[in-house]
Every structure is written in C-alpha cells, then in structure tokens.
Amino acid sequence: MPVWIGVVALIAVAVGAEMSRGNDIRTNTLWYERPANRWMTEALPIGNGPMGAMLFGGTDIERIQFNEISLWSGRRMATEPYVENDDMGGHQAFGDIFIHLGHAPDKVSHYRRELNIDRAVHRVTYEYEGVRYQQTAFASHPAGVIVIELTANKPAAYSGRVWLTDMHEAQISTSSDNHRLRSEGKIGNGFEYEAQLHVLHHGGKLKRAVPENPLRIPVSPFGVSFEKCDSVSLILSAGTNFKQDHTTEWLGEHPHAAVTKRVDTAVKRGVESLLDEHVADFQALFGRVSLDLGRPSPELLAKSTRERLTDYTQNNVADPHLEALFCQFGRYLLISCSRPGSLPANLQGVWNHSNRPAWAGDYHSNINVEMNYWPAEAANLAECHVPFIDYVDSLREVYAKKTQKHYGEVRGWTLQTMNNACGVQSWKWNPPGSAWYAQHLWEHYAFGRDIDYLRETAYPILKEICHFWEDHLKRRPDGTLVTPDGWSPEQYKYEPEEGVTYDQELVYDLFTNTIEAADALGEDEEFRDHIAAMREDLLKPAIGSWGQLKEWEIERDDPEDKHRHVSHLFALYPGRQISMAQTPELAEACRVSLNARGDESTGWSRAWKINFWARLGDGDRAHRLLRSLLNLVTGTKTIYGDSGGGVYSNLLCSHPPFQIDGNLGATAGYCEMLLQSHAGQIQLLPALPAAWPTGSVKGLCARGGFEVEMTWKDSRLTSAVIHSKSGQPCRVTYKDKTWESDTKADASYHLDQNLNRQGDGNVTPE
Ligand code: FUC
C-alpha cells in the first residue's frame, strides 16, 4: 500500500476526532486555533530530558527551536584556581530548524495546534488548497532524538525547504546525499557541540537547497529542498562534550559519534516504531497519576486553551478541568526536562531561546531549583529527581574547596546562590543552601525506601553537610546554637546577621533528616545522638509582636512587607518543623505572616503559597492562590513585584519572564492539597477546596513507600486505596478518623469513607 494511502486513512480518523471538537474526549490536551508568534508565551514545549524543543506550528514557515541541557558558556570550574564570583556564563540556545512550506496563513483553514500531554505528542493539522496537512512531533527519551513528521492526505503535496541554524558560529554542512544537515561548533570555554538533522521522505525527491532564502532571518546557504514528496520526516539529535565529572574539568568525548549513532539508529527504526516506543516510555511515567477534578462540558472543550484561560482569568469562570490539566502539565514538563543521565532542570527546564537568558538560566539555590523538584516524589516521578541528586553528588568536592576558601577551616560544604552546570558560582553565599539540597536527597529515600541508596548516596552527603554546620554554628554563652552570617532571601535591607529564621529552620531540617537517616540505617549512633543534641540547642522559630512568625531573631517584620520570598516559612513547607498537628501556635503565626505578605507576587511565589496554605489545611485559600497563578498574562519583561505573575497562554509559568519553578511548584501544591505525609501519617484530602466537590486521584505518593488512590463526592471522601510498596507500617487519617496497620509489600488496602477496611481480609496482592 502506498504510504500516502495509509496516511490518508490515519488522518481521516484523527481529523474526525479532532474536528468534532465537542466530542473530543482527550482531556489532557492544550490546543490553539492559530500558530504561535512568540517563543515564550505561545510556542509549545517538548523534551526528552537532555533535549528540548519549542514548536510554533507555522504553515508558511515552521520554526522548531531546540536546546541541549549541557550547552553552557562561562568558566568550567576545575579544582584550581578558586575565584570568588567567577564567570558562570549562561545556559545557551542551540539552534533552530526552519521548514519553509509556503502555505500562506490567509489561505489556511481548519487550523489546530495541540500538545497532548498524555502521549507527549505535538500535532498541527490544517487545510490548504484542498489538501489536509498534518505535522506530528515528539521527543523520544529512549531514542535520544526529536522527530517531526509531515504528512498529507494527497500524494506529492510537500514541496519546500528545511534549514538547520545555529546560535553560535558552527559550521553547517549538508551530506553528499542531501539527507543530513550537520552543525558542529565550539564555544569559548571548550565545550564542543554538534547537531544532526536527517531528512527522510516518501515520494518526490530531495536536493540541496538553492542559496535563495525566503526566510526573514539569516540562515546558512546549506539547506535541503524537497519536491513533490508524499511525506517528509525530520530526525534531530544534538549533544555536547560536557561530562558531569570535575576531575576531567567537565570535558568528555566529542559528541559526534554519539549523535551520529542516535540519528542513524532512529533513521533505521522509522517514525512509527519510534513513536510507539516514545509513547510507551512516556506513559510509563506520566500514566502513574490520574486526576479528575470534574468532567469538562462540551462547551469548555470546544474552546481553545487560550480562550479557557481568558475566561478563567477575566470572567472568573470555574474550570476545574483546566486546573487538573495545569497540574498534569507540571508533571509533563518535569518528565520532559529531567531524565536520569543528564543535568537537572534549570530555571527554564531545558527550553531557552537566548544566549543571555534571565538569571543565566541557572541553578538558583535559594528557592528555584529546589521548587523544580518539589513534585518529583509526591507526583510519582521519583526517577525525574535523579538528575538533581546526581548533580549535587557531582559538585560536592568542588563546593567543599570553595567553601573552605570562603569560610576558612570548615569541613563539608555549602554554596552560593547562582550556580552553573560545572561548579562555577556567583552572587551571595547561601549558607543553608546545601542543607536544602540535602532535604531532596532525604525525601528520595523517605518516599522510595531504597536503603542501599540511603547508605551509599544520601547519608554520606547529609553527614558532610552536617559537618559544615558542626564547624560553622556559633554557640552562645547560654548554649543556644545560631547560624552566624545569615540573610533572609532576598531582603536587601539587612546586613548578614545571626539567627536568621530561614537558616535556623534549614539546619533543623538537615539535622532531623540526618537523625532519621541514621535511625533507618541503624548505624552511626554516636554521631546521630550528637546531631540530636545540637538540634535541641538550635534557636527555634518564634512568634512576634503582631502574631507573625518572625523572619529574624531581632523583630523587624513589617506587616506591609510584600516581599516575594517567604523563606522564614520553610519550616511549614517544604520543611516539617512546623505543622498544624504538632506546633499549632507556630502554624497560626505562619498564617498571620502569610496574610500580611499577601497573595499576589511572582509566579513561583504564588506557587509556594499554594503549598503553604495546603499545609495550613485551608483548601479554599490554596485554591485562591492557584487561581492567582493560573492568571493569563502576556508580559515577558522581568518584574519582581506583585504584577505579572501567572501563566502564558502556553501554560508556562510567568515570573515574569518564563520560569519553570512556578509550574512545578504548583503541581507540588496540588499534591499537598490532596495528600500529605510529612507528619508521620498519611492525611487524605487535607485541604480539599469547595471548588472541587467531586473528584478522584490515583497514583499520588506518600512517605513510607505508599501510593494512594481516592475518590470523593460532595466534598467528602468516599473511598481510598493504599498501596504499600515496601511493607512499612501505615497510619492514615481523614478528618477525625484514623486507620492504622502494618502492611505487606505489594499489597493494596481498600478503605471506605470512614476508613474502615473493605473486602475479604482487605489485602489485594497485586
Ligand atoms: C531569585 C528570585 C527571583 C528570581 C530569581 C531567578 O533571585 O528572587 O525572583 O526567581 O531567583
């Protein structure tokens, strides 16, 4: 059967489903009625971990802007010399693919551009001069490639040109058979990079593009023309010689061989098989969690994502389905930009179109990189946490030397606020930054219960960060331990000082996690007891004169202060020193501070506040914050104040500009609203808002190695299933009800609305 006949049949089915919008039951889809004009606010992201791409869906000229996570300018931090505030450069844009099709927008009809986040497939469909065109794109993690397939319902419909461009000064060449474009370059710091784009076609022919250039941007004269093809497919891969190893000064092999192999293998496999493999791989992660906050009406589904956001923002329309989509979008993004084997998500995940991105697109240690990873465990994406853990592990020795240079004779390490991929830092020291990183190492164990990981990876790092504080804490004459040189991020008014609440709480958290880690290992009792004694002596959070949680030891809190950072509430979330159950007065003080701070702020600040209010058990307030984050904005200029935070029409979070932490922090917020497990028990629906009266969720994770499924109706729990993955004892609460039991590994426990166990013996071996 000629390929185009198969394609026609497939498109007929797809178009049938997609065109009758009212019947569209695929709910996890963002879709738009016109191509994207702006990269940051409209284009849609796909990614396979190391590589990301933003798709515009153009019909005249399609632009696919792409990145690789390790392409960084700036110095590479070898072990010598140690320069304070060295040139950390910035994450770099890699290049673009331009496809000139010449389908004039004013003659295009039935246009639809969509990103299905269940399958991680981007699709553009439209009609032009009687032909139905379709572009399908996806980023495959297992194959390490990005694939763009152009098909049509008539043969020989595709004639056009494709170019590969580069954001530095790479050589671009075309292979002698015209099938492959290649860019190869080197930036000033020694990082070498390469991209290869293979052009496959059915029917018609390929030839070297003539230098004539219909694009309004400079491109290399080297491109490929395709003429009268039934279909055209592009396979892209890119890499650098970055190696996550400071002993080689972060340099590994030239990427040519690896990129060639990935593209060659993908070309042999063909698009269909790559797509099947990609969808299976992606769904193995994404499909673990389903969330239903209310079925969308056909009227809502008939509206584009932009229209729904507009209604939601400007007309205050209730749209719990859009809210659920936003939650899942955070999971989609994390899977797409954080896979084991490459660097962690930076300020923009992996998506970046500039060589001078905002804040260098860095790893920002005083909230942002941590927030990126808040949903990893609770939203059942523990694997996606691994790049961050590996990153921390890879930097310990470099940071230890730098820490000694800055702090003198101390063991262990900490870090500055701005960090690149290879050990270079700048801006202010963030003394408790390493303790915050340590929390992530601990949480990976707390949720996953992998004792070998705890022993071999996490515990040694927790311990060395404790060493830093053993050497650095100051003991006052009355025996109190204080952090000596703190700064509550990023309050400019004050000089470094003792006993800043943010620092004290983070050290407390580090010590708590280390104590529990030693207990879990059953080792290191003497050290454990020593840390426990130090924890007793730490200066603790205190309540100030207007009932607020004090940000500093000296009372300077201003009820008018609307600062975006709310660092002194770390102990409420993501810490656990303050909780409604165990420290109700301090929890109340957090409430007072939050009310004073107000809701409106940068994107990530709003996301943090969702989590705070969830921990305070106030679902309606958490939901109000969620609404204030799902606020459609268009501005991309940096604003630090209270206007501009929200989301763009492509659902990427606006600081502004785009910053991915708000997306990921919001997803963590949903998890906290529906399930909490930080206080030694699993709390079901601890902050369910009135806006979600009926719903269900499956696959959220709880500490202790549990997965939870729940349904609710009329704002009350109707059933729950607790799946025990590692056989830990379990205590579940819902309002004033409790169920407590030992569990068996790989068994599921069904509970009714009163938390009574259901069924025969109540244990369902999986
Ligand atoms: C911190 C924040 C800013 C911004 C930057 C990347 O400095 O205070 O708001 O998010 O990180």
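The values are calculated or read from the model by the stated rules, or taken from the named source; none is laboratory data. Note that the structure is predicted; figures quoted are calculated from it, not measured. Every residue, glycine as well, gets a Cβ built from its backbone with ideal geometry; the counts of neighbours run over all protein chains shown. Accessible surface is based on the protein model in full, side chains and every heavy atom, while ligands, DNA and RNA are left aside. Shrake-Rupley method; radii C 1.70, N 1.55, O 1.52, S 1.80 Å.
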Segment 322-391 accessible area per residue, 1.4 Å probe, protein heavy atoms, integer Å², reads 15
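Which value, in debye to the nearest 20, describes the size of the charge dipole of the chain about its Cα centre when Lys and Arg Cβ atoms bear +1, Asp and Glu Cβ atoms bear -1, and nothing else is charged?
2380
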When every protein chain stays in place and a 1.4 Å probe is rolled, TRP487, TRP552, TRP546 sorted by accessible area with the largest first are TRP546, TRP487, TRP552
Placing one equal point scatterer on each C-alpha of segment 658-730 and summing with Debye, one gets log10 I(q)/I(0) at q = 0.12, 0.25 Å⁻¹ equal to -0.35, -1.15
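Note down the Stokes-Einstein diffusion coefficient of segment 396-466 in µm²/s, whole number, using a Kirkwood radius over alpha carbon pairs, 10 °C, and 1.306 mPa s.
Rounded to a whole number, D works out at 124 µm²/s.
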Log10 I(q)/I(0) at q = 0.19, 0.21, 0.22 Å⁻¹ for segment 518-642, from Debye over equal alpha-carbon scatterers, is -1.03, -1.17, -1.25
Helix 619-629: inclination vs the chain longest Cα principal axis, degrees, rounded to 10, gives 40
In the chain, taking the dipole from +1 charges on Lys and Arg beta carbons and -1 charges on Asp and Glu beta carbons about the Cα centre, the listed residue (ALA747, PHE282, LEU164) farthest towards the positive end is LEU164
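Tell me the trypsin sites (Lys or Arg not before Pro) within segment 286-324 that lie in a loop according to DSSP and have at most 14 other beta-carbon atoms within 10 Å.
Listed in order of number, the matching sites amount to none.
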For segment 61-144, one quarter of the surface area of the C-alpha convex hull, expressed in nm², comes to 9.1
Among SER304, ILE389, TRP359, the residue whose Cα sits farthest towards the positive end of the charge dipole of segment 303-424 (+1 at Cβ of Lys and Arg, -1 at Cβ of Asp and Glu, taken about the Cα centre) is TRP359
Cα-Cα pairs in segment 596-702 separated by more than 22 Å, as a whole percent of all pairs, come to 31
Dividing the helical contributions, -39500 (n - 2.57) per DSSP H run of n ≥ 4, by the residues of the chain yields a 222 nm value, nearest 500 deg cm²/dmol, of -9500 deg cm²/dmol
Carbon/sulfur accessible area of segment 622-684, % of total, 1.4 Å probe, equals 48
Per the rule of 0.36 nm per residue minus the C-alpha distance, extending ALA542 to LYS207 adds in nm 113.3 nm
Between GLU516 and ASP393, the FRET efficiency computed from the C-beta separation at R0 = 22 Å comes out, to the nearest 0.05, as 0.65
Row for segment 389-546, column shape: gyration tensor on C-alpha, a ≥ b ≥ c, rounded if a/c < 1.5 i.e. under 1.5, prolate if a/b over b/c, else oblate; value oblate
For the pair GLU495 and ARG556, the simple spin-label estimate (label points 7 Å beyond Cα toward Cβ) gives in nm 1.1
So, relative contact order of the chain in percent, Cα under 8 Å, 6 or more apart, is 11
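Out of segment 82-146, which GluC sites (Glu not before Pro) are coil in DSSP terms and have no more than 14 other C-beta atoms within 10 Å?
In loop regions of segment 82-146 (DSSP not H, G, I, E or B), the sparsely surrounded GluC sites (Glu not before Pro) are GLU84, GLU129.
In the P(r) worked out for the chain, what percent of Cα pairs fall beyond 40 Å?
Roughly 34 percent, once rounded to a whole number.
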PRE zone check, label point 7 Å out along Cα-to-Cβ of HIS256, amide N under 11 Å, scope segment 164-191, hits 184-185
Site TYR453, offset 7 angstrom along Cα→Cβ, radius 20 Å on amide nitrogen, limited to segment 132-169, gives 142
Rounded to one decimal in nm, the spacing of the 7 Å Cα→Cβ label points at ASP177 and LYS637 is 5.3
The equivalent-ellipsoid semi-axes of segment 319-474, taken as the square roots of five times the Cα gyration tensor eigenvalues and listed largest first in whole Å, are 28, 20, 13
For the LYS228, ASP620 Cβ pair and Förster radius 41 Å, calculated FRET efficiency rounded to 0.05 is 0.10
Here D for segment 503-574, in µm²/s, from Stokes-Einstein with a Kirkwood Rh over Cα pairs at 37 °C and 0.692 mPa s, works out to 236
For the pair THR248 and ALA104, the simple spin-label estimate (label points 7 Å beyond Cα toward Cβ) gives in nm 5.4
Once the in-chain neighbours fewer than 8 apart are removed, the lysines whose Cα is under 27 Å from LYS268 read LYS154, LYS205, LYS207, LYS228
Nearest-0.05 FRET efficiency for GLU464 and ASP742 at R0 = 45 Å, using Cβ-Cβ distance, is 0.80
With the charge dipole of the chain built from beta-carbon charges (+1 for Lys and Arg, -1 for Asp and Glu) about the Cα centre, the Cα from THR638, HIS198, PHE511 projecting farthest to the positive end belongs to HIS198
P(r) of segment 73-202 over all Cα-Cα pairs, 5 Å bins starting at 0, rounded to whole percent, reads 2, 8, 14, 16, 15, 14, 11, 8, 5, 4, 2, 1, 1, 0
D (µm²/s, integer) via Stokes-Einstein for segment 246-400, Kirkwood Rh across alpha-carbon pairs, 4 °C, 1.567 mPa s: value 69
Dividing the surface of the Cα convex hull of segment 434-483 by four yields a projected area in nm² of 3.9
